[in-house]
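Asker: Have a look at this one before I ask anything.
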Amino acid sequence: MRCYVCEQVKIEREAIGICIVCGMGLCSEHIYRSDIQAWEGGYPFPAQRLKVPVPRILCPECYNALQG
């Protein structure tokens with residue numbers, strides 16, 4: 001699999017990870033590792049935050065969206 005962001009500018013670079021939100025393949029230059037608050041709980045409620053943030057792999061677009 002190749003990096004989706006690089007493919008947009010006609011660069012061939014292998015993906016090393018996949019964005020957990022959108023599924024985009026990412027190379028080492030476009031990958032973000034970020035601690036995201038995660039929720040646990042039954043459907044539909046109760047839900048509560050996990051005590052510790054969970055590390056996630058994100059693309060640049062999803063990283064910017066989740067940072068608010």
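Asker: If Lys and Arg each add +1 and Asp and Glu each add -1, what is the summed charge of the other residues whose beta carbon sits under 14 Å from the beta carbon of Ala38?
Answerer: Values: positive: Arg49, Lys51, Arg56; negative: Asp35, Glu40.
Residues close to Ala38 contribute a combined charge of +1.
Asker: Once you charge only the Cβ atoms, +1 for Lys and Arg and -1 for Asp and Glu, what is the size of the charge dipole of the chain about its Cα centre, to the nearest 20 debye? Don't jump to the answer; show the numbers that get you there.
Answerer: Working: 7 positive and 7 negative charges, 32 e Å.
In total the dipole reaches around 160 debye.
Asker: If I take every Cα pair under 8 Å that is 6 or more residues apart in the chain, average their sequence separation and divide by the length, what percent do I get for the relative contact order? Please report the intermediate quantities before stating the final value.
Answerer: Working: 110 pairs, mean separation 19.5, N = 68.
Once normalised by length, the contact order is 29 percent.
Asker: By how many nm would the segment from Glu12 to Arg49 grow when fully extended, if each residue of separation counts as 0.36 nm and the alpha-carbon distance is taken off?
Answerer: On the way: separation 37, 0.36 × 37 = 13.32 nm, distance 3.94 nm.
Taking 0.36 nm per residue and subtracting the Cα distance, the gain is 9.4 nm.
Asker: Quick one: which residues, 5 or more positions from Arg56 or on another chain, have an amide H under 5 Å from its amide H? H modelled 1.01 Å from N in the peptide plane, none for Pro or chain starts.
Answerer: Ser34, Asp35, Ile36
Asker: Same structure again: Can you give the FRET efficiency to the nearest 0.05 for Met1 and Trp39, using r as the Cβ-Cβ distance and R₀ = 35 Å? Provide the component values of the computation, followed by the final result.
Answerer: On the way: r = 29 Å, r/R0 = 0.84.
Once rounded, the FRET efficiency stands at 0.75.
Asker: Report the calculated FRET efficiency for Ala65 and Glu29 (r = Cβ-Cβ distance, R0 = 22 Å), to the nearest 0.05. List each step's numbers first, then the result.
Answerer: Details: r = 19 Å, r/R0 = 0.88.
Once rounded, the FRET efficiency stands at 0.70.
Asker: Another question, if that's okay. Test of understanding: given the chain, find the longest segment containing no trypsin sites (Lys or Arg not before Pro) that are in a DSSP loop and have at most 14 other Cβ atoms within 10 Å. Please list the in-between numbers first.
Answerer: Working: sites that count: Lys10, Lys51.
Longest run free of exposed loop sites: 11-50.
Asker: Please provide three numbers in whole Å: the alpha-carbon extents of the chain along the principal axes, with the largest listed first.
Answerer: That works out to 47, 20, 19 Å along the principal axes.
Where a number appears in this text, it was derived from the coordinates with a stated rule and is not lab data. In this text, all values refer to a predicted model and were calculated from it rather than measured experimentally. Using ideal geometry, Cβ is built from the backbone for each residue, glycine included, and neighbour counts are taken over all protein chains shown.
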